[in-house]
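To start, the structure itself, in structure tokens.
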Amino acid sequence: MIKANYHTHTARCGHAIGTDEEYVQAALQAGLTTLGFSDHAAYPTPCPGLRMNIEQIPDYYQSIRSLQEKYASQIDIHLGMEVEYYPSQWDTIREYRKTLDYIILGQHNLTIDKDSVYEFDNKDQVERYVKCLEEACQHYMCDYIAHPDVFLWKYPRIDESVLNAAEKIADISRFYDIPLELNCGTGVRIGKKEYLDGERYAYPTREFFEIFAKKKCPIIIGLDIHNPQHFLTEENLNRALSVVEGLPLNFLTDYDLVSKAKERKKLFW
């Protein structure tokens, strides 16, 4: 098991289970030394079952900060969020950037509650997705990019548009020194799916990480935990690692994401 995980959800998002403290206890049992909570960011418009509600934010902050203090001698706990790049929500995002220890960029829609990445099937959508990632990094609003290949959930095949997107995301990562995540969540947890070009996990995908390896992008492992019990099995981690087996990836070990976030926050605009 890895020693640090910054991609951990809570029941507030509506599709995770367990108490905040149960996540901490499971992480300790699994041998983690660093635990970052990064539940799905709330925006003024509610979206039950997909993200936190704005009214839950004070409790989220208080709970994680309290656990941070309670378990300080046993594990480093950090308060973060998984945030989308939505220019229309910039006031909310600005407040998160100021308050949180770190932010991971998990672009689930192109605009708030529209154009879901889980429905992508054409080149234009892919190009718009990459542009969202690039603009977020230009603003220094995030500290790593979660599941960069998530849009392949429904995308029919690994085509030229996909490979071009991987190249551009790799260039963004290198230019802004932003780690890219090898995601160990739903993409591998549900098993392999059939696509026009064969059977594979929805994400992560080897073709993406071949390009990331070639360009020596910094890679961080994210467990994308939605259930405390997932800390206690390495099955999903091993599935994700099997996708990239043999690739000379630049895995970040002993990476201090929170210290890096402090530096990036000074550049945020």
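Values in this text are rule-based calculations from the coordinates and carry no lab data. On a predicted model such as this, the values are computed, not experimentally measured, just so you know. Don't worry about glycine lacking a Cβ; one is built from the backbone with ideal geometry, like all the others, and counts go over all protein chains shown.
Data for the structure
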quantity: For region 37-47, Karplus couplings with θ = phi - 60° (6.51, -1.76, 1.60), whole Hz, Gly/Pro x; calculated: 8, 8, 5, 5, 4, 8, 10, x, 7, x, 8
quantity: Hz values of 3J(HN,Hα) by residue in region 140-156 - Karplus curve (6.51, -1.76, 1.60), Gly and Pro given as x; calculated: 6, 8, 9, 10, 7, 9, 6, 4, x, 9, 4, 5, 7, 3, 10, 4, x
quantity: Computed [θ] at 222 nm, deg cm²/dmol, the chain (DSSP H ≥ 4; -39,500 (n - 2.57); rounded to nearest 500); calculated: -11000 deg cm²/dmol
quantity: Most positive-pole-ward Cα, Gly222, Cys142, Tyr86, against dipole of the chain from beta carbon charges; calculated: Cys142
quantity: Highest-fluctuation residue, Pro148, Pro218, Pro48 considered, GNM on the chain with Cα pairs under 10 Å; calculated: Pro48
quantity: Taking the C-alpha atoms of the chain, convex hull volume expressed per residue in Å³; calculated: 115
quantity: Label-point gap, in nm, between Lys193 and Phe175 - each point 7 angstrom along Cα→Cβ; calculated: 3.0
quantity: Fewest-first ranking of Asp20, Asp91, Asp224, using other Cβ atoms within 10 Å as the exposure measure; calculated: Asp91, Asp20, Asp224
quantity: Amide H contacts of Lys154 (H built 1.01 Å from N, under 5 Å, at least 5 apart or other chain); calculated: Phe120
quantity: Relative exposure of Cys142, Cys132, judged by other C-beta atoms within 10 Å (fewest first); calculated: Cys132, Cys142
quantity: Within the chain, percent of DSSP bridges classed antiparallel, to nearest 5; calculated: 20
quantity: Ordering of 65-71, 3-9 by burial proxy (mean other Cβ atoms within 10 Å per residue, highest first); calculated: 3-9, 65-71
quantity: Whether region 142-269 is rounded, prolate or oblate, judged on the alpha carbon gyration tensor where a/c under 1.5 counts as rounded; calculated: oblate
quantity: Kirkwood Rh in Å, taken over region 1-138 so that all alpha-carbon pairs contribute; calculated: 15.9
